[in-house]
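The values are calculated or read from the model by the stated rules, or taken from the named source; none is laboratory data. Keep in mind that what you see is a predicted model, and the values were worked out from it rather than measured. Cβ coordinates were reconstructed from backbone atoms using ideal geometry, including for glycine residues, and neighbour counts include every protein chain displayed. Side chains included, ligands, DNA and RNA excluded: accessible areas come from the protein's heavy atoms. Shrake-Rupley method; radii C 1.70, N 1.55, O 1.52, S 1.80 Å.
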Amino acid sequence: MVKLTALGAAREVGRSSFLLDAGEKILLDRGIKLGSDEIGYPLPVKTNLDAIVISHAHLDHSGALPELFSKSDSFVYMTLPTLELSQILWADSLKIAKAEGVTAPFSLADLASAERFTFSLPYRKKISISESTSIELFDAGHILGSAMVKVESQKKDVVYSGDFKLGETRMFKGADKKIGKADILIIESTYGDRNHSPRKELEKEFVDGVKETLSKGGFAMVPAFAVGRSQELIDILVEHKVSAPIFFDGMGQKAARKTLEFPELLKNPKSLGKALHSANWIKKGKRNIALKEPSIIVTSAGMLEGGPIMWYLKKLYKDKKSKIFLTGFQVEGTNGRKLMEEGIVDLDDERIKVENQVQQFDFSAHASQDELIELAKIVEPELIVCVHGDEKVIKVFQKRLKNEGFNSVAPKLGEEIKLD
Ligand SMILES: [Zn+2]
Ligand SMILES: [Zn+2]
C-alpha cells in the first residue's frame with residue numbers, strides 16, 4: 001500500500017508539502033505560504049525521511065526547506081537551477097526577517113547544510129534511493145529548473161506535477177510530455193476551473209495598457225514575481241518597442257543573472273539576453289531616478305507583499321494617471337488580492353486606498369484546465385490527487401476530471417490517502 005499525506009497546499013495555494021510513503025518515505029516539496037500576517041508553514045514531518053524532493057524554487061515549494069533542515073538531515077534532490085534560485089530566495093527571506101526584527105526559523109548555517117545534502121539532478125536521469133525506489137525529474141516548463149517528479153517503487157509509481165505548464169511560453173518550451181504512465185498523479189490545480197486567453201493577445205493588451213498609461217503622463221507600475229515573470233515582461237516590453245525607459249528593480253535582477261547562466265534551458269536565450277541588458281537596472285538607493293519622467297517600473301514583489309514595489313507605491317498611490325499592472329496569480333489574503341478586489345493595500349502598518357488604476361493580466365506559468373487534463377491523459381493514473389488550488393476551483397476541476405473518466409480526490413490538510 002502507498003500512503004500520501006497532505007502536509008500543505010490542501011485545498012489552498014501555498015505551503016506545498018506532501019509525505020509519500022511508498023516503502024521509502026519521500027517528502028515532496030517544503031514550501032511556505034505568504035499572504036497572511038504570519039508566514040504559514042506546512043504541518044510538521046513526524047517521521048524519518050529517506051529523501052526530500054523540491055520541484056522548483058518558488059517559496060511556496062521551497063521556502064520551508066531550510067527550517068526543516070535545522071532539524072533533519074535527509075538527502076535532498078532538485079535541479080541545479082532550483083538550488084541556485086532557492087538560495088537567492090532563502091537568503092532574501094533571512095534579510096527581510098532581519099530588517100523586520102523577527103527571528104527567522106533558520107540560520108545561514110542551515111542554508112549551508114541544506115546545500116551540502118543536496119543532489120542536483122539533471123532532467124531525465126533516474127537515481128536510485130534504495131533497491132526498489134527511484135526518483136526522476138522531468139522539465140515542468142513553469143520556471144527555470146522547475147521539475148515534475150516521478151517516483152517509481154515496488155508498490156506504485158507516482159507522478160507529482162509540482163507547478164507546470166505544458167504549452168510553450170515566451171521563455172520556456174513547455175513541460176516534458178515523455179514523463180510516461182504512473183498509478184497516482186498528484187497534480188496542481190491553480191487554474192483547474194478555466195483556460196487562459198491566448199498569450200499573444202494578452203501580451204498586446206498588456207503593452208497597449210502600458211502605452212496608454214505613459215501617454216497620459218503616468219507611471220506603469222508592474223509588480224512581478226522575481227523569478228521568471230519579471231524577465232518575461234521585460235522581454236515583451238522590449239520586443240514591442242515601448243518608447244519609455246524600463247526600470248528593473250529588486251530581486252528579479254539576481255534571478256535574471258541566474259537565468260542567463262542556463263541558456264540551454266531557455267527557448268530563446270539571445271532575445272532574452274538582449275532585452276534584459278537593455279533595461280535600466282536600478283542601483284541600491286537610486287530609486288528616484290525612475291520617477292523623473294513617465295516610465296515603466298518592473299519590480300518585485302508580484303503580490304505586493306513587500307519588496308521595492310512598496311517604495312514606488314508609497315510615492316505614487318495617489319496619482320490617478322499611474323496604473324498598477326498585476327501580472328500573476330494573487331493568493332487570497334495578499335495585498336495583491338486586496339488591491340484587485342477592494343482597491344486597498346496595507347503599507348507600513350497602515351491601510352491605504354490606492355487611487356491608481358489597477359488591471360490584472362493572466363500571465364500564468366501554470367497549466368490551464370485543458371493542459372491539466374492533457375497531463376492526466378499522458379500519465380493515465382488510477383487516482384488523481386488534486387492539490388495547490390483554491391477549494392472552489394478544485395471542485396470545478398474535479399467535475400471536469402469525472403467527465404473525462406478520471407477518479408480524483410482532494411485531500412484536506414493532514415488527510416492521509418491510501419492506495420492498495
Ligand atoms: Zn511555482
Ligand atoms: Zn506553487
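A few points about this structure:
- Just one of the listed residues (Glu188, Glu203, Glu168, Glu152) is of a type in the set (Asp, Glu) and within 16 Å of ligand 2 (Cβ to nearest atom), and it is Glu188.
- Filter result (of a type in the set (D, E, K, R) and open to solvent by less than 30 Å² (accessible area, probe 1.4 Å)) within the range 92-113: Asp110
- Restricting attention to the range 36-78, the residues being within 16 Å of ligand 2 (Cβ to nearest atom) and either hydrophobic (A, V, I, L, M, F, W, C) or part of a strand (DSSP E or B) (or both) number 9.
- Exactly one residue out of Asp29, Asp21, Asp60 is away from ligand 1 (no atom under 16 Å from the Cβ) and in the same structural domain as Thr190 (by TED's automatic domain parsing): that is Asp21.
- Qualifying residue in the range 226-238 (condition: modelled with pLDDT of 95 or more and more than 16 Å from Thr169 (Cα to Cα)): yes
- Elements of type helices (runs of 4 or more DSSP H) in the range 187-296, at least 2 residues being over 23 Å from the mean Cα position of the chain (by Cα) and either surrounded by 14 or more Cβ atoms within 10 Å (Cβ to Cβ) or on the phi < 0 side of the Ramachandran plot (or both): 199-215, 229-239, 269-278
For every residue, the table says whether it meets (1) out of contact with any helix residue (DSSP H, G or I) (no Cβ under 6 Å at 6 or more places or on another chain); (2) over 23 Å from Ser408 (Cβ atoms); (3) within 16 Å of ligand 2 (Cβ to nearest atom).
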{"site": "Glu350", "(1), (2), (3)": "yes, yes, no"}
{"site": "Lys353", "(1), (2), (3)": "yes, yes, no"}
{"site": "Gln357", "(1), (2), (3)": "yes, yes, no"}
{"site": "Phe363", "(1), (2), (3)": "yes, yes, yes"}
{"site": "His366", "(1), (2), (3)": "yes, no, yes"}
{"site": "Glu374", "(1), (2), (3)": "yes, no, no"}
{"site": "Glu380", "(1), (2), (3)": "yes, no, no"}
{"site": "Cys386", "(1), (2), (3)": "no, no, yes"}
{"site": "Lys392", "(1), (2), (3)": "yes, no, no"}
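- Summed over the range 300-316, the residues that are crowded, with 18+ Cβ neighbours inside 10 Å and either assigned to a loop (DSSP other than H, G, I, E, B) or touching a Phe, Trp or Tyr at 6+ places or on another chain (Cβ under 7 Å) (or both) give a count of 9.
- All positions within the range 377-420 that are of a type in the set (Val, Ile, Thr) and more than 18 Å from Tyr160 (Cβ to Cβ): Val393, Val396
- Against the test of being away from ligand 2 (no atom under 16 Å from the Cβ) and closer than 21 Å to Arg229 by Cβ, the options Leu19, Leu83, Leu94 yield a single qualifying residue, Leu83.
Here's the yes/no breakdown for (1) in contact with a Cys (Cβ under 8 Å, 6 or more places away or on another chain); (2) open to solvent by 40 Å² or more (accessible area, probe 1.4 Å); (3) within 20 Å of Leu27 (Cα to Cα); (4) not polar (S, T, N, Q):
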position	(1), (2), (3), (4)
Glu115	no, yes, yes, yes
Thr118	no, no, yes, no
Glu136	no, no, yes, yes
Lys155	no, yes, yes, yes
Val159	no, no, yes, yes
Asp163	no, no, yes, yes
Lys177	no, yes, no, yes
Ala182	no, no, yes, yes
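- Selection from the range 348-373 of residues that are more than 13 Å from Tyr191 (Cβ to Cβ) and in contact (Cβ under 8 Å) with a residue 60 or more places away in the chain: Asn356, Gln357, Gln359, Phe361
- Applying the criterion of at least 1 residues that are touching a Lys or Arg at 6+ places or on another chain (Cβ under 8 Å) and in contact (Cβ under 8 Å) with a residue 24 or more places away in the chain to the strands (runs of 3 or more DSSP E) found wholly in the range 79-165 leaves 134-139, 147-152, 157-160.
- Of the listed requirements (1) of a type in the set (Val, Ile, Thr); (2) away from ligand 1 (no atom under 14 Å from the Cβ); (3) closer than 19 Å to Asp362 by Cα, Val159 misses just one: (3).
- Applying a threshold of 8 Å to beta carbon distances and a minimum spacing of six or more residues, or different chains, the list of pairs starting in the range 236-264 at a residue that is among the basic types (Lys, Arg) and ending at one that is assigned to a loop (DSSP other than H, G, I, E, B) and open to solvent by less than 20 Å² (accessible area, probe 1.4 Å) reads Lys254/Ala226; Lys258/Leu144.
- Yes/no for Phe329 being among the aromatic types (Phe, Trp, Tyr) and away from ligand 2 (no atom under 16 Å from the Cβ): no
- Of the criteria (1) farther than 30 Å from Pro198 by Cα; (2) among the small types (Gly, Ala, Ser); (3) part of a loop (DSSP other than H, G, I, E, B), which one Ala175 fails: (1)
- For the range 165-175, a tally of residues being surrounded by fewer than 24 Cβ atoms within 10 Å (Cβ to Cβ) and among the aliphatic types (A, V, I, L, M) returns 2.
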